[in-house]
1. Give the residues of segment 19-49 that are of a type outside the set (Val, Ile, Thr), in a loop (DSSP other than H, G, I, E, B) and open to solvent by 40 Å² or more (accessible area, probe 1.4 Å), sorted by residue number.
2. Filter segment 1-18 down to the residues that are part of a helix (DSSP H, G or I) and of a type in the set (S, T, N, Q) and list them by number.
3. Every residue in segment 39-51 that is over 14 Å from the mean Cα position of the chain (by Cα) and closer than 23 Å to THR62 by Cα, please.
4. Identify the residue in segment 63-77 that is open to solvent by less than 80 Å² (accessible area, probe 1.4 Å) and in contact with a Gly (Cβ under 8 Å, 6 or more places away or on another chain) and, among all such residues, is nearest to GLY5 (Cα to Cα).
5. Given (1) on the phi > 0 side of the Ramachandran plot; (2) in contact with an Asp or Glu (Cβ under 8 Å, 6 or more places away or on another chain), where does ARG50 come up short, assuming only one miss?
6. What pairs come out if I take residues in segment 10-27 that are farther than 14 Å from THR60 by Cβ and pair them with residues that are assigned to a helix (DSSP H, G or I) whose C-beta lies under 7 Å away, six or more apart or interchain?
Amino acid sequence: MSKGGYLGLQIFGMVAVAVFAQAAIRSLFDHSATQLWGAFDWVPGEWSGRLIVFLLLAATGTVLAGWAHDRAKRAAR
């Protein structure tokens with residue numbers, strides 16, 4: 001993959017972190033609010049299930065952004 005491809009993955013990971021971390025934080029303060037336009041209302045476990053999914057997706061975005069950053073640095077050498 002080229003350096004530009006890794007940059008795209010890094011951007012995607014950072015956007016995922018921003019979106020899902022914000023949804024998780026908002027859900028902590030208002031348990032009954034629908035987060036992300038109800039796209040995750042299908043998750044079993046009500047509030048706690050959705051919170052776990054949001055946190056896992058934010059962590060996945062963090063790992064993806066870090067991995068892509070490291071690979072882009074190696075590709076530049």
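The values are calculated or read from the model by the stated rules, or taken from the named source; none is laboratory data. Since this is a predicted model, take the numbers as computed values, not measurements. Cβ atoms come from the backbone with ideal geometry, glycine included; neighbour counts cover every protein chain shown. Note: accessible area is taken over every heavy atom of the protein model, side chains too, but ligands, DNA and RNA are not part of it. Shrake-Rupley method; radii C 1.70, N 1.55, O 1.52, S 1.80 Å.
1. Of everything in segment 19-49, those that are of a type outside the set (Val, Ile, Thr), in a loop (DSSP other than H, G, I, E, B) and open to solvent by 40 Å² or more (accessible area, probe 1.4 Å) turn out to be ASP30, HIS31, SER32, ALA39, ASP41, TRP42, PRO44, GLY45.
2. Answer for segment 1-18, where residues must be part of a helix (DSSP H, G or I) and of a type in the set (S, T, N, Q): just GLN10.
3. Of all residues in segment 39-51, those over 14 Å from the mean Cα position of the chain (by Cα) come to 39, 41-49.
Result: ALA39, VAL43, TRP47, SER48, GLY49.
4. Among those that are open to solvent by less than 80 Å² (accessible area, probe 1.4 Å) and in contact with a Gly (Cβ under 8 Å, 6 or more places away or on another chain), it is ALA68.
5. The failed condition is (1).
6. Filtered contacts from segment 10-27: SER27/TRP47; SER27/ARG50; SER27/LEU51; SER27/PHE54.
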